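See structure below.
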Amino acid sequence: LVNNKDLLAGRILGHADGFGFFRPDDGSEDLFLSPREMKALMHNDRAVVRIAGVDRKGRREAAVVEVLERNTQQIVGRLFFERGCTYVVPDNKNIAQDVLIPKGEDGGATKGQIVVVEIIEQPSLRCQPIGRVIEVLGAHMAPGMEIEMAIRSYGLPNQWPAALLAEIASLSPEVPEAAK
């Protein structure tokens with residue numbers, strides 16, 4: 001039986017090696033999440049866990065009770081094709097799972113290109129995340145690709161609002177003499 005006093009809510013911190021940590025909302029010490037527990041989670045998700053024990057290194061371990069909030073909706077990464085399977089390796093090193101891309105959902109991207117993937121099915125203990133390519137950014141080593149990847153990875157605004165575009169539509173690239 002699970003006692004509600006033993007449950008903790010907090011945020012998931014992923015690691016490139018597949019394991020992770022649970023940072024409780026109450027500010028108490030982080031808990032270790034094994035690679036098995038992390039299979040159903042992604043970096044920055046919110047979850048409720050219970051303390052499951054202590055691992056052989058003396059760290060307190062957590063077991064996931066419920067995922068409260070999924071915070072990864074899009075991923076930037078490199079597209080690969082292998083033996084009839086298409087997948088994207090995330091650029092974010094805190095996400096250890098590759099994202100599977102169903103047939104016909106590759107957005108016309110070619111092997112090795114950098115793409116933006118929308119997650120259509122979150123990971124579970126038995127299944128990797130599944131997504132669809134929504135934007136092809138270009139070749140892996142193209143000039144300016146790091147900037148494009150950072151903009152998409154961190155959700156920075158990269159489009160001008162329609163109201164602003166309408167306001168400046170009457171302006172020309174040349175400064176009129178009267179304005180000088």
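Of the candidates 84, 58, 107, the single residue that is farther than 22 Å from residue 17 by Cα, small (Gly, Ala, Ser) and without any contact (Cβ under 8 Å) to a residue 12 or more places away in the chain is 84. The condition of being open to solvent by 60 Å² or more (accessible area, probe 1.4 Å), in a strand (DSSP E or B) and under 23 Å from residue 108 (Cα atoms) holds for only one of 135, 146, that being 135.
In this structure, is residue 112 in a loop (DSSP other than H, G, I, E, B), under 27 Å from residue 39 (Cβ atoms) and at pLDDT below 90?
No, not satisfied.
In segment 156-180, how many residues are within 42 Å of the chain's Cα centre (by Cα) and either loosely packed, with under 10 Cβ neighbours inside 10 Å or not acidic (Asp, Glu) (or both)?
If we filter segment 156-180 for residues that are within 42 Å of the chain's Cα centre (by Cα), which is where we start, we get 156-173.
Going one step further and asking which of them are either loosely packed, with under 10 Cβ neighbours inside 10 Å or not acidic (Asp, Glu) (or both), we end up with 156-166, 168-173.
Selection size over segment 156-180: 17.
If you go through segment 56-95 and keep only what is open to solvent by less than 60 Å² (accessible area, probe 1.4 Å) and under 17 Å from residue 8 (Cβ atoms), you end up with 61, 62, 63, 64, 67. A search for C-beta distances below 6 Å between a residue of segment 151-179 that is on the phi < 0 side of the Ramachandran plot and any residue that is of a type outside the set (D, E, K, R) and at pLDDT 85 or above, counting only pairs 6+ apart in sequence or on different chains, returns 152/76; 152/116; 153/76; 158/151. Residue 100 meets all of the listed conditions (1) under 30 Å from residue 36 (Cα atoms); (2) touching a residue at least 12 places away in the same chain (Cβ under 8 Å); (3) in a loop (DSSP other than H, G, I, E, B); (4) not charged (D, E, K, R) but one, namely (3).
Scan segment 96-132 for residues that are open to solvent by 50 Å² or more (accessible area, probe 1.4 Å), touching a strand residue (DSSP E or B) at 6+ places or on another chain (Cβ under 6 Å) and among the polar types (S, T, N, Q) and the total you get is 1. For residue 132, the test of being among the charged types (D, E, K, R) and either modelled with pLDDT under 90 or within 20 Å of residue 46 (Cα to Cα) (or both) is failed. Does any residue of segment 34-43 turn out to be exposed (fewer than 14 other Cβ atoms within 10 Å of the Cβ) and assigned to a loop (DSSP other than H, G, I, E, B)? Within segment 34-43, not a single residue is exposed (fewer than 14 other Cβ atoms within 10 Å of the Cβ) and assigned to a loop (DSSP other than H, G, I, E, B).
So, in segment 50-74, exactly how many residues are of a type in the set (S, T, N, Q) and not in a loop (DSSP other than H, G, I, E, B)? Let's see the steps before the verdict.
The initial filter retains those residues of segment 50-74 that are of a type in the set (S, T, N, Q), namely 71-74.
Those still in the list that are not in a loop (DSSP other than H, G, I, E, B) too: 74.
Total meeting the criteria: 1.
Among residues belonging to segment 44-55 that are open to solvent by less than 40 Å² (accessible area, probe 1.4 Å) and aliphatic (A, V, I, L, M), point out the one that is nearest to the chain's Cα centre (by Cα). Give the steps one after another, and end with the answer.
Residues of segment 44-55 that are open to solvent by less than 40 Å² (accessible area, probe 1.4 Å), as a first pass: 45, 47-49, 53, 55.
Retained after the next criterion (residues that are aliphatic (A, V, I, L, M)): 47-49.
Details: 47: 16, 48: 20, 49: 21 Å.
Only one residue tops the list, namely 47.
The values are calculated or read from the model by the stated rules, or taken from the named source; none is laboratory data. Here the structure is a predicted model, which means the values were calculated and not measured. Because the Cβ atoms are built from the backbone with ideal geometry, glycine has one as well, and the counts that use them run over all protein chains shown. Keep in mind that these areas ignore ligands, DNA and RNA; they rest on the heavy atoms of the full protein, side chains included. Shrake-Rupley method; radii C 1.70, N 1.55, O 1.52, S 1.80 Å.
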